Amino acid sequence: MHLRDVTEDDVGAYLRMRCDPEMTAGLGGPLPAAGMADKVRRDAAEAAADTAWIKMIVPGSRGPEAVAGSVTIWSHGTADGQVSEIGWMVLPEFQGRGLGGRAARLLLERARDEDRWGLVHAFPATDNAPSNGICRSLGFRLLGACDVPFAGRVLRGNHWVIDPRTDLTAG
């Protein structure tokens, strides 16, 4: 498995990850397909400019066009100021293989090695056992449940935080 930057060719993967009812059940349901090509273009530009790490998870033997999901670290404003956030999505046929956890670890290790992003937060849905398990296994600290704005919706999530420089568990 390896990670590569998102490109404008990843529209199909974004449609599967963000517009499918099964994939988005914990995110308040599917997003509209109509704006997805623009979202991919914006994300590819951010990745190329290195303002966000937006990576596609490539499972290995199938070649770089095969995508298992994505993992991202980005910075954004909140009521409490700027935060760095990590999030991941793994397509159903690749779930249960540890790809999400390995991808998150790779990105957090890079954040540690480059001393970038500072504290990194994650906000998986409170009932998303696999994503909450990834946070726990990587060494995130659970701060509690909170309301999380996402795509014009408010979701209930667990607020996890990690300092990759000191808290990342051995893998």
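The values are calculated or read from the model by the stated rules, or taken from the named source; none is laboratory data. Worth saying up front: this structure is predicted, and the values here are computed from it rather than measured. Please note: Cβ atoms are built from the backbone with ideal geometry, for glycine as well, and neighbour counts cover all protein chains shown. Surface accessibility is based on the protein's heavy atoms, side chains included, excluding ligands, DNA and RNA. Shrake-Rupley method; radii C 1.70, N 1.55, O 1.52, S 1.80 Å.
Numbers at a glance
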item: The stretch 1-40: number of residues that are out of contact with any strand residue (DSSP E or B) (no Cβ under 7 Å at 6 or more places or on another chain), of a type in the set (D, E, K, R) and either touching a residue at least 12 places away in the same chain (Cβ under 8 Å) or open to solvent by 60 Å² or more (accessible area, probe 1.4 Å) (or both); result: 7
item: Residue ID - least open to solvent (accessible area, probe 1.4 Å), chosen from residues in the stretch 142-171 that are under 25 Å from Thr24 (Cα atoms) and among the charged types (D, E, K, R); result: Arg153
item: Yes/no for Pro164 being of a type outside the set (Gly, Ala, Ser) and assigned to a loop (DSSP other than H, G, I, E, B); result: yes
item: Criterion: without any contact (Cβ under 8 Å) to a residue 12 or more places away in the chain and open to solvent by less than 70 Å² (accessible area, probe 1.4 Å) - qualifying residue of Gly100, Gly77; result: Gly77
item: Extreme residue, surrounded by the fewest Cβ atoms within 10 Å (Cβ to Cβ), among residues of the stretch 80-97 that are in contact with a helix residue (DSSP H, G or I) (Cβ under 8 Å, 6 or more places away or on another chain) and of a type in the set (A, V, I, L, M, F, W, C); result: Leu91
item: Of residues in the stretch 103-123 being crowded, with 17+ Cβ neighbours inside 10 Å and touching a Pro at 6+ places or on another chain (Cβ under 8 Å), the one nearest to Leu27 (Cα to Cα); result: Val120
item: Test for Ala151: is it touching a residue at least 24 places away in the same chain (Cβ under 8 Å) and within 17 Å of Val71 (Cα to Cα); result: no
